[in-house]
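Structure record follows, encoded as C-alpha cells.
The values are calculated or read from the model by the stated rules, or taken from the named source; none is laboratory data. Since the structure is predicted, the reported quantities are computational estimates derived from the model, not experimental observations. All Cβ positions, glycine included, derive from the backbone under ideal geometry; neighbour counts span all protein chains shown. Heads up: the accessible areas ignore ligands, DNA and RNA and are worked out on the full protein's heavy atoms, side chains in. Shrake-Rupley method; radii C 1.70, N 1.55, O 1.52, S 1.80 Å.
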Amino acid sequence: MTVITKPPETPSRPAPGPVGRRLVGVLPDVKRDPIHYLMKIAQDYGDVVCLPVGPTKVYMLTSPRYVGHVLQHNHKNYRKSDFYKKVQPVLGLGMITSDGDLWRSQRQLTQPAFRRERIMALGEIMLERTNEAVSRWQGPASRHEQIDISFEMMQLSLEIIVRAIFSRDIGSDADTIVDCVTTMLAEAERRVWSLYDLPLAIPTPNNRRVSAALKTLNAIILRLIAERRSETEEQNDLLSFLLAARTDDGQPWSDQQLLDQVKTLIVAGHETSGSALSSTWYLLSKHPHIRERLEREVAQVVGDRAVAVADLPKLIYTTMVIQEAMRIYPPAWTISRAAIEDDVVGGYKIPAGATVMLSPFLVHRNPKFWPNPEGFDPDRFDPDNKDAIADFSYLPFGGGARKCIAEHFAMMEMVLAVATIAQRYRLDLVPGRRIEPMPMISMRLGPSVPMTLEQRSHRDVRTDSSVRAA
Ligand code: HEM
C-alpha cells in the first residue's frame, strides 16, 4: 500500500524563479549552457527554484535536506518524471523508466544479481577487459600518438557491461550491440533536449535509422536469451543471475521484460562508468601530486604482478580519487521526479504533477557542504572522515529506494580499471585543448579528451594499432 506523507499544515508560498520566455520558458537558456545557467539560478534564487520549461514548471532543489525529502523521507509521493517517458521508446520499460508495481517486481528480480558475492565473481571479467584495452594502447604509446580517453573509457565500460551480462565470447554480436547502443543513446540524448518528439513509428530518416538499430539490438538480445534458456549449464554472469531470479510469488522474467532489463543495464551501466573514468583521468592529469600518490599506492599494494580482485580493499586512495572525481563531475548530474500530490518543501509549494529536479552536480558544488567546492581533494573521502559528509550531500549513485542497484559493481569496475591503467601508463592531457563538462543524459567531458601515454611498465603488453587516435 502506498502511504504518502501529507505536507504539514503550514502556509506555503510559491517558489521564486526566473520568468523565462513566452511558450518555451527557460529551455533555450538551459540548453545553451546548462551548468552555468543552473548554478547562477541556484545562487540567485536559493535552494528551491521554480523554472518555467515549455508548458510545465520544474522545481529545482539544491539543498541535501530537500533532496533527501524527495528521494527518501517522502519518496512515495514521487514517481519518475515525464522526462523518462521521452527515452522510453528507445530504452523500453526497464528499471530506469518504470514505476509502481512493475518497478518493484523488476527491482526484486534484479537485486540478487547485484549481491556483493556475485559481483565479486565478475571482477575477473572486468580485469580481463581492462587488460585487453590497455594492451591495445602500446602501439599509440610507442608512436607518441594521442588517444581520446573519453572514447576509450566509454568503449571499455561498454565492453565490461556486455561481457558481464553475456560472459561468453559472443563474437561479432558484441560489436553490433555496441553500434546499436551508440545509435540509441544519441537518439535518447536528442530527445532529452527537445520539447516535442515524433513517435518512432513515423518514418523520418532519423526514426528509420533508430528503429533499425533497435530492431537489430532486440533481435540479438532475444536470440542470446533464448540460447541461454536452452542451456543446462549455468554461467557466472548477470544473464544467468537474472534468469535464476523469481518474484515472491515464484514468477520469473518474461522474455520482453528481460529484453528491456538487459538494454537498461547496458545503457545505465556504460555511460555513467565511462564518464566517471574519463573525468578521473582528466583530473589526475591536472593534479600530478595526487596522481603520484595514487601510483605509489598501486605500487605498494600490487607491485609488479597484475592487479587482482583481492586488492580492492587495499586500494583505498584509488577509491577516494574516484569518489572525488564523481563529486566534481557526477555522471548522473540530474535526477528528476514528478509529485503525485501537493507537497511543501522548504516552505514552498510543490503542486501535484510538477516536475522536481534534483541535481547531484549542484548539491556537490554547494559551498555550505563542500568547502572549496571546485578543488580536487580526494582526502575529503578519507574513510576516517566519513561522518563529516552530511546525508544526501554526496549522491553520485542517487539515494533512497531507487538508489543505483549497481553501485558496488561500478565502484569495483572503476577501481580495478584505474589501478590497472595507472600501473602501466601515465596519462597526460594534450596542452591547449579546451575541455568542458557536457551535461547530456550523463555528464561527460568533451568534446574529446585527448591524452598522451607514457608507458610505466612493460609487463604483459601486446601490440595492437586498432585504437582510435584523438
Ligand atoms: C559510475 C557509475 C554509475 C553511476 C554514477 C550511476 C548512477 C545512478 C543513479 C544516480 C541512479 C538513480 C537514478 C534515479 O534515482 O532516478 C541509478 C540507478 C540505476 N543504475 Fe546506476 N550508476 C552507475 C553505474 C551503473 C551500472 C554499472 C549499472 C548496471 C550494471 C547501473 C544500473 C542502474 C539501474 C538499473 C538503476 C535503476 C535503479 C532503480 O530505479 O531501482 N548503474 N544509477
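Couple of notes before you dig in:
- Residue in the range 257-315 that is surrounded by the fewest Cβ atoms within 10 Å (Cβ to Cβ), counting only those that are modelled with pLDDT of 95 or more and among the acidic types (Asp, Glu): GLU292
- Just so you know, in the range 87-117 the residues that are basic (Lys, Arg) and touching a residue at least 12 places away in the same chain (Cβ under 8 Å) include one that is farthest from the ligand (Cβ to nearest atom), and it is ARG116.
- Criterion (open to solvent by 40 Å² or more (accessible area, probe 1.4 Å), of a type in the set (A, V, I, L, M, F, W, C) and out of contact with any helix residue (DSSP H, G or I) (no Cβ under 7 Å at 6 or more places or on another chain)) met by exactly one of LEU93, LEU27, LEU23: LEU23
- Residue pairs meeting the criteria (Cβ under 6 Å; at least 6 apart or on separate chains; first closer than 18 Å to HIS408 by Cβ and of a type outside the set (Ser, Thr, Tyr), in the range 265-294; second open to solvent by 10 Å² or more (accessible area, probe 1.4 Å) and in a helix (DSSP H, G or I)): GLY274/MET154
- Residue check: ILE160 meets all listed conditions (1) assigned to a helix (DSSP H, G or I); (2) away from the ligand (no atom under 16 Å from the Cβ) but one, namely (2).
- Looking only at the range 380-408, residues that are loosely packed, with under 12 Cβ neighbours inside 10 Å and in contact with a helix residue (DSSP H, G or I) (Cβ under 9 Å, 6 or more places away or on another chain) come to 3 in all.
- Some residue of the range 342-358 being open to solvent by 20 Å² or more (accessible area, probe 1.4 Å), among the aliphatic types (A, V, I, L, M) and within 25 Å of the chain's Cα centre (by Cα): yes
- Qualifying residue in the range 51-69 (condition: under 20 Å from the mean Cα position of the chain (by Cα), part of a helix (DSSP H, G or I) and β-branched (Val, Ile, Thr)): yes
- Selection status of MET451, at pLDDT 85 or above and under 23 Å from the mean Cα position of the chain (by Cα): yes
- Residues that are surrounded by fewer than 21 Cβ atoms within 10 Å (Cβ to Cβ) and touching a Gly at 6+ places or on another chain (Cβ under 8 Å), drawn from the range 156-185: none
- Pairs where the first residue, in the range 136-152, is on the phi < 0 side of the Ramachandran plot and the second is polar (S, T, N, Q) and open to solvent by less than 10 Å² (accessible area, probe 1.4 Å), C-beta under 6 Å, 6+ apart: ILE149/SER278; SER150/SER278
- GLY274 meets the conditions (1) part of a helix (DSSP H, G or I); (2) on the phi > 0 side of the Ramachandran plot in every case but one. The failed one is (2).
- Among the candidates ALA226, ALA188, residue that is in a helix (DSSP H, G or I) and surrounded by fewer than 19 Cβ atoms within 10 Å (Cβ to Cβ): ALA226
- Residues that are within 16 Å of the ligand (Cβ to nearest atom) and over 30 Å from MET443 (Cα atoms) are absent from the range 212-224.
- Test for ARG208: is it assigned to a helix (DSSP H, G or I) and loosely packed, with under 13 Cβ neighbours inside 10 Å: yes
- Some residue of the range 418-433 being within 30 Å of LYS80 (Cβ to Cβ), buried (at least 16 other Cβ atoms within 10 Å of the Cβ), modelled with pLDDT of 95 or more and more than 9 Å from the ligand (Cβ to nearest atom): no
- LEU198 vs. criteria open to solvent by 20 Å² or more (accessible area, probe 1.4 Å), outside any helix (DSSP H, G or I) and not basic (Lys, Arg): yes
- Evaluating ILE441 against the criteria (1) at positive phi; (2) within 12 Å of the ligand (Cβ to nearest atom) leaves one unmet condition, (1).
- Residues of the range 38-59 satisfying the condition of being touching a Cys at 6+ places or on another chain (Cβ under 7 Å) and not charged (D, E, K, R): TYR59
- Residues (away from the ligand (no atom under 16 Å from the Cβ) and β-branched (Val, Ile, Thr)) located in the range 360-401: ILE389
- Matching residues in the range 67-81 - criterion: being open to solvent by 40 Å² or more (accessible area, probe 1.4 Å) and more than 13 Å from the ligand (Cβ to nearest atom): HIS69, HIS73, LYS76
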